[in-house]
Each structure stands twice: as structure tokens, then as C-alpha cells.
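Here the structure is laid out as C-alpha cells; the discussion comes afterwards.
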Amino acid sequence: AGAARKLLYVSLVPLPIAATTAVATSPCPGVTAPVLTLGRPVIGTAPVLSISGTPNTAALLAIGLVPPSTIPYHGCSLGVDPQGALLLPFVTDVSGEWSTNFQIPGWTTIIGSELAVQAALAAPLPGGVNLSNTLRATLGL
């Protein structure tokens, strides 16, 4: 006669991952070290991304993957993987500030993804730029 078959059903429910922002590298040392901040990177929201640094300064914002290790750059640390990084130009205002809303899609498939964010401000330094701190953002709930 036939043997009874037992079926095992597994329900895959993703565990919630908290949205976090952590400082991964320090800014270049100096009198006007640019400091980057970002609100909690919750999917489907637009937290404020801001920088304070040198007034009226041309700059680039780099958003990309987290590199396996930081990359030394003229006494500073590059904390965004330069391969495939998205570069967005901006200019600080008369008080050295700049901010924008960082739109994060509401796709659940990106929960747990990590991004690195860092700014480079034009400066009369070796290498020609003053790097901000690097933020490591984990997209979540």
C-alpha cells in the first residue's frame, strides 16, 4: 500500500530591518571640516540630507556602494566606492550650508540595502578637495 506523504510548508516572512544612518569615516582634518548628516533612511520617505562646510563652495555629492575598505586620499578617507557612484553637483550657500530631501523609493526589495554618501568640496588642499564624513545608510523600516 502507499506510504503517507507529509508535506512541509514554510512561510517566508522577512524580518523587519531598521533604517539606520552611521558615520563610517571622519571628514578631512582642517579648520572647516565639512559635516554631512542624513535623517533615518526609511523606504518611501524623503529624509533631509544636509552639509555644513565652507561658504559659497562648489561641491559634489557621491552616492554609491560601500567599498570593502576606505580608500586613502591625501590624508583623508574616501568612503564611497568610486566605481558606479552617482555624482551630484551642488554649491553651498553664504553660510556654508546645503540641504535636499533624499527621496527613497518605497520598494520592499531594497530593504537592507546599504549606501555610502559623502561630499567633496573644492578647497585649496592637496588633491583640490575637502572630503566630508562618510555616512553609511541602511535602508529599512
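The values are calculated or read from the model by the stated rules, or taken from the named source; none is laboratory data. Note that the coordinates shown come from a computational prediction; the quantities given were computed from them, not determined experimentally. A quick note on method: Cβ atoms are made from the backbone with ideal geometry, for glycine too, and the neighbour counts reach across all protein chains shown. The protein model used for the area step is the full one, side chains on, heavy atoms only, and it has no ligands, DNA or RNA in it. Shrake-Rupley method; radii C 1.70, N 1.55, O 1.52, S 1.80 Å.
Cβ-Cβ contacts under 9 Å between residues 6 or more apart (or on different chains), taken from a first residue in segment 46-57 that is touching a residue at least 60 places away in the same chain (Cβ under 8 Å) to a second residue that is of a type in the set (Asp, Glu), are listed as Ile51/Glu97; Gly53/Glu97.
Could you check, for segment 40-49, whether at least one of its residues is touching a strand residue (DSSP E or B) at 6+ places or on another chain (Cβ under 9 Å), under 26 Å from Pro126 (Cβ atoms) and assigned to a strand (DSSP E or B)? No - not one qualifying residue is present in segment 40-49. Of all the listed residues (Leu141, Leu135), the sole one being open to solvent by less than 40 Å² (accessible area, probe 1.4 Å) and either under 21 Å from Pro68 (Cβ atoms) or at pLDDT below 95 (or both) is Leu135.
Residue by residue, here is whether (1) within 16 Å of the chain's Cα centre (by Cα); (2) within 17 Å of Ser50 (Cβ to Cβ) holds:
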{"site": "Val66", "(1), (2)": "yes, no"}
{"site": "Pro72", "(1), (2)": "no, no"}
{"site": "Gln83", "(1), (2)": "yes, no"}
{"site": "Leu88", "(1), (2)": "yes, yes"}
{"site": "Ser99", "(1), (2)": "yes, yes"}
{"site": "Trp107", "(1), (2)": "no, no"}
{"site": "Ala120", "(1), (2)": "yes, yes"}
{"site": "Thr134", "(1), (2)": "yes, yes"}
{"site": "Gly140", "(1), (2)": "yes, no"}
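Table: residues versus (1) farther than 27 Å from Pro16 by Cβ; (2) not hydrophobic (A, V, I, L, M, F, W, C).
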{"residue": "Ser52", "(1), (2)": "yes, yes"}
{"residue": "Leu61", "(1), (2)": "yes, no"}
{"residue": "Leu78", "(1), (2)": "yes, no"}
{"residue": "Pro82", "(1), (2)": "yes, yes"}
{"residue": "Gln103", "(1), (2)": "no, yes"}
{"residue": "Ala116", "(1), (2)": "no, no"}
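The residues of segment 91-109 that are within 23 Å of Val66 (Cβ to Cβ) and out of contact with any strand residue (DSSP E or B) (no Cβ under 9 Å at 6 or more places or on another chain), listed by number, are Gln103, Pro105, Gly106, Trp107, Thr108, Thr109. Take the conditions (1) closer than 13 Å to Cys28 by Cα; (2) modelled with pLDDT of 90 or more; Pro126 misses just one of them, which is (2). Within segment 50-65, count every residue that is assigned to a strand (DSSP E or B) and either among the polar types (S, T, N, Q) or open to solvent by 50 Å² or more (accessible area, probe 1.4 Å) (or both). Of the residues in that region, 4 qualify. Answer yes or no as to whether Phe90 is under 17 Å from Thr138 (Cα atoms), surrounded by 14 or more Cβ atoms within 10 Å (Cβ to Cβ) and either at pLDDT below 95 or not aliphatic (A, V, I, L, M) (or both). For Phe90, the condition - under 17 Å from Thr138 (Cα atoms), surrounded by 14 or more Cβ atoms within 10 Å (Cβ to Cβ) and either at pLDDT below 95 or not aliphatic (A, V, I, L, M) (or both) - is not met.
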